[in-house]
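Colleague: I am attaching a structure below and will ask some questions about it afterwards.
The values are calculated or read from the model by the stated rules, or taken from the named source; none is laboratory data. Nothing here was measured: the structure is a model prediction, and the numbers come from that model. Ideal geometry is used to build each Cβ from the backbone, glycine not excepted, and the neighbour counts take in all protein chains shown.
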Amino acid sequence: MSPTPGFVAVPAAVVAELQALLGPDRVVTAEAEVETLSKDCYWYSPVLKARLQERRAGAAVKIATVAELKAVLAAAYRHDLPVTVRGGATGNYGQCIPLCGGLVVDLTGLDRILAIEGDVVTVEAGARVVHVEQAVRATGRELRCLPSTWVKSTIGGFISGGSAGIGSITWGGLREPGTIKRLKLLTLEAEPKELVLEETDTLRAFHAYGTNGVITELQLRLAPARRWDQIAITGPDWAVVTAFARRVAYDDGIPKRLLSLLEPIFGASFKPLRTWLPAGHAFIWLEVDQTATDGLAAEARAAGLNVAQIIPYHEPKRQPMLMEYGWNHSTLWMLKAHPGHTYLQLGLGPNFEEQAARLQARFPGQVHLHFEFVRGRRPTGEFGLVIPVLIPVIEYVSDAHLREVIAFAESLGIASNNPHTCYLGEGGTTPALQAQIKLKAATDPKGLLNPGKLKGAAVPPGLAEAMPQFLEV
Ligand SMILES: Cc1cc2nc3c(=O)[nH]c(=O)nc-3n(C[C@H](O)[C@H](O)[C@H](O)COP(=O)(O)OP(=O)(O)OC[C@H]3O[C@@H](n4cnc5c(N)ncnc54)[C@H](O)[C@@H]3O)c2cc1C
């Protein structure tokens, strides 16, 4: 494979140095394996796919302890090697694809659960979310928020590359103050230092794609564990199904962890669930406390809806589980069944039904609706507002067409979080971005951590020209 612009190779002498540190098995140089370790789920976006498929690291290393990580970061600093950190590699924005070679550092070996004390878990960054959730549930607690990729994702990757998920309908997104109590990160310097950020200060390193430090340890606040039942509800009339979803979403009296609302076209792509989902029916996934199940099922039936399946609480959860058909898993199933499609991430208002209908009317047959619901903040700053999040699967026509769909959505008062770029801050600067850039200036003096991904931060000499352009909107 010929090197891409700005590609920084890892010289043989440095490979030997890394092998001396980690042993030969944990330094990967074979092209096929380096290629695999250089990729994430960026292919959801045809825009990213076209620009990132040739990009890869020069070599990869697998870390098992913080001491090893420190030694590898020091070596990268000495040899001016870009460093891209990798967890479960389930990110959708090409966050852990190196833009200019260097080293990929796989942190999945750094996976100890260090303590569970009261409502706080302390965990190493490479631990899989599923293992953390199972460990805390054994103590009567649960994570406030987990991604539908909980089996593969690491906790550090979720904090560095994710945003919200199962649980966010009650607890809000990961950014919600209080959810991340503390994090430890390593700087990329001659002698990497450990920084400890507390409470809202942690947000400086949150969702930063590993550009301003390598997170080694996290403390997360937990929720009391509930006995969640799962309910699949279907109906042939979109308006009736939507009205029921609205009623449950906005009712704070119903303890819930998941509420997905999907158009019928999604059902056909969910192969393992097909027998539950009558053709032509729209549907709702619910995870509700078991005390609410009977009442909700009765209410759904009274509204003329079909309670297709009730999966009673079971510890541990068994297949199939509805959360793996919500969030971006719904998108995954649809993209597999409908090549030539992609997706968007949109935040709607309380008139979400009308906004979505106008979007569909403007692009007939091209926009397929899938809603999740997240608790956020009112304009006054008070926590509690229910935000309908639309993750539509849309036909990919061209980059210009994607821009047109986003622009039209914005004209309707819909907020867009563009998933067709791997850059943070592409949409313009914000105080949060400025805080991330400031932290990077302190933690990464040579600009070697995931270079290029944080717009506005310095990159090493000669690499700026190597950065691809994505969908600017
Ligand atoms: C099918 C599917 C469903 C998804 N569902 C959700 C969802 O429900 N909610 C959601 O928010 N996202 C979702 N995502 C996106 C993704 O799964 C999450 O962001 C996920 O938690 C990322 O974890 P990871 O370990 O795979 O991170 P990776 O993809 O490995 O890394 C993500 C970013 O974090 C950086 N990083 C990783 N570890 C560290 C560290 N220790 N220190 C510093 N930087 C680090 C990487 O460099 C990269 O930039 C989904 C993706 C797919 C493909």
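Colleague: With Thr216, Thr200 as the choices, which residue is at pLDDT 95 or above, under 25 Å from the mean Cα position of the chain (by Cα) and surrounded by fewer than 19 Cβ atoms within 10 Å (Cβ to Cβ)?
Modeller: From the options Thr216, Thr200, the qualifying one is Thr200.
Colleague: It is to be established whether one or more residues within the stretch 69-80 are touching a Ser or Thr at 6+ places or on another chain (Cβ under 7 Å), surrounded by 19 or more Cβ atoms within 10 Å (Cβ to Cβ), of a type outside the set (D, E, K, R) and farther than 28 Å from Arg112 by Cβ.
Modeller: No.
Colleague: So, one more: What about Glu395, is it modelled with pLDDT under 95 and charged (D, E, K, R)?
Modeller: no
Colleague: Working only within the stretch 353-369, note down all residues that are in a helix (DSSP H, G or I), without any contact (Cβ under 8 Å) to a residue 40 or more places away in the chain and either among the small types (Gly, Ala, Ser) or surrounded by 19 or more Cβ atoms within 10 Å (Cβ to Cβ) (or both).
Modeller: Of the stretch 353-369, the ones in a helix (DSSP H, G or I) are 353-362.
Among the residues that remain, those that are also without any contact (Cβ under 8 Å) to a residue 40 or more places away in the chain are: 354, 356-357, 360-361.
Ala356, Ala357, Ala361 - these are the residues of the stretch 353-369 that are in a helix (DSSP H, G or I), without any contact (Cβ under 8 Å) to a residue 40 or more places away in the chain and either among the small types (Gly, Ala, Ser) or surrounded by 19 or more Cβ atoms within 10 Å (Cβ to Cβ) (or both).
Colleague: Could you check Thr331 against (1) in contact (Cβ under 8 Å) with a residue 40 or more places away in the chain; (2) not in a helix (DSSP H, G or I) and say which number it fails?
Modeller: That leaves (2) as the condition not met.
Colleague: In the stretch 318-357, which residues are over 16 Å from Ile166 (Cβ atoms), out of contact with any Lys or Arg (no Cβ under 9 Å at 6 or more places or on another chain) and acidic (Asp, Glu)?
Modeller: Across the stretch 318-357, the qualifying residue is only Glu354.
Colleague: With the condition kept exactly as written, say whether any residue in the stretch 101-108 is over 19 Å from Gly162 (Cα atoms) and of a type in the set (Gly, Ala, Ser).
Modeller: Yes - at least one qualifying residue is present in the stretch 101-108.
Colleague: With the requirement that a residue be in contact with a helix residue (DSSP H, G or I) (Cβ under 8 Å, 6 or more places away or on another chain) and over 19 Å from Tyr343 (Cβ atoms), what does the stretch 376-423 give you?
Modeller: If the condition is that a residue be in contact with a helix residue (DSSP H, G or I) (Cβ under 8 Å, 6 or more places away or on another chain) and over 19 Å from Tyr343 (Cβ atoms), then Val386, Gly413 are the ones that fit.
Colleague: Please give the number of the condition Pro379 fails out of (1) part of a helix (DSSP H, G or I); (2) surrounded by fewer than 17 Cβ atoms within 10 Å (Cβ to Cβ); (3) without any contact (Cβ under 8 Å) to a residue 24 or more places away in the chain.
Modeller: Just one mismatch for Pro379, condition (1).
For (1) within 11 Å of the ligand (Cβ to nearest atom); (2) under 12 Å from Tyr44 (Cα atoms), each residue gets a yes or a no:
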{"position": "Asn306", "(1), (2)": "no, no"}
{"position": "Arg318", "(1), (2)": "no, no"}
{"position": "Asn328", "(1), (2)": "yes, yes"}
{"position": "Leu344", "(1), (2)": "no, yes"}
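Colleague: Looking at (1) surrounded by fewer than 20 Cβ atoms within 10 Å (Cβ to Cβ); (2) under 19 Å from the mean Cα position of the chain (by Cα), find the lone condition where Glu191 falls short.
Modeller: Glu191 satisfies all of (1) surrounded by fewer than 20 Cβ atoms within 10 Å (Cβ to Cβ); (2) under 19 Å from the mean Cα position of the chain (by Cα) except (2).
Colleague: Let me ask something additional. Does any residue of the stretch 108-125 turn out to be surrounded by 24 or more Cβ atoms within 10 Å (Cβ to Cβ), more than 23 Å from Pro46 (Cα to Cα) and within 8 Å of the ligand (Cβ to nearest atom)?
Modeller: yes
Colleague: Same structure, new question: Only one residue in Gly109, Gly94 is under 22 Å from Pro451 (Cβ atoms), of a type outside the set (Asp, Glu) and assigned to a loop (DSSP other than H, G, I, E, B). Which one? Before the answer, list the steps.
Modeller: Details: Gly109 fails: under 22 Å from Pro451 (Cβ atoms).
Just a single option satisfies the conditions, and that option is Gly94.
Colleague: For Trp43, only one of the following conditions fails: (1) aromatic (Phe, Trp, Tyr); (2) more than 18 Å from Tyr423 (Cβ to Cβ); (3) free of Cβ contacts under 8 Å to residues at least 24 places away in the same chain. What is its number?
Modeller: (2)
Colleague: Something else now. Among (1) surrounded by fewer than 22 Cβ atoms within 10 Å (Cβ to Cβ); (2) among the β-branched types (Val, Ile, Thr); (3) not assigned by TED's automatic domain parsing to the domain that holds Phe270, there is one condition Thr421 misses while meeting the rest; what is its number?
Modeller: Of the numbered conditions (1) surrounded by fewer than 22 Cβ atoms within 10 Å (Cβ to Cβ); (2) among the β-branched types (Val, Ile, Thr); (3) not assigned by TED's automatic domain parsing to the domain that holds Phe270, the odd one out for Thr421 is (1).
Colleague: Would you check if Leu48 is within 13 Å of the ligand (Cβ to nearest atom) and under 22 Å from Ala9 (Cβ atoms)?
Modeller: Criteria not met by Leu48.
Colleague: Can we say Gly126 is touching a residue at least 24 places away in the same chain (Cβ under 8 Å) and out of contact with any helix residue (DSSP H, G or I) (no Cβ under 7 Å at 6 or more places or on another chain)?
Modeller: no
Colleague: If you don't mind, there's one more thing I want to ask. With surrounded by 14 or more Cβ atoms within 10 Å (Cβ to Cβ) and under 21 Å from the mean Cα position of the chain (by Cα) as the only criterion, which of Leu277, Leu296, Leu348, Leu273 stands out?
Modeller: Exactly one residue qualifies, and that residue is Leu348.
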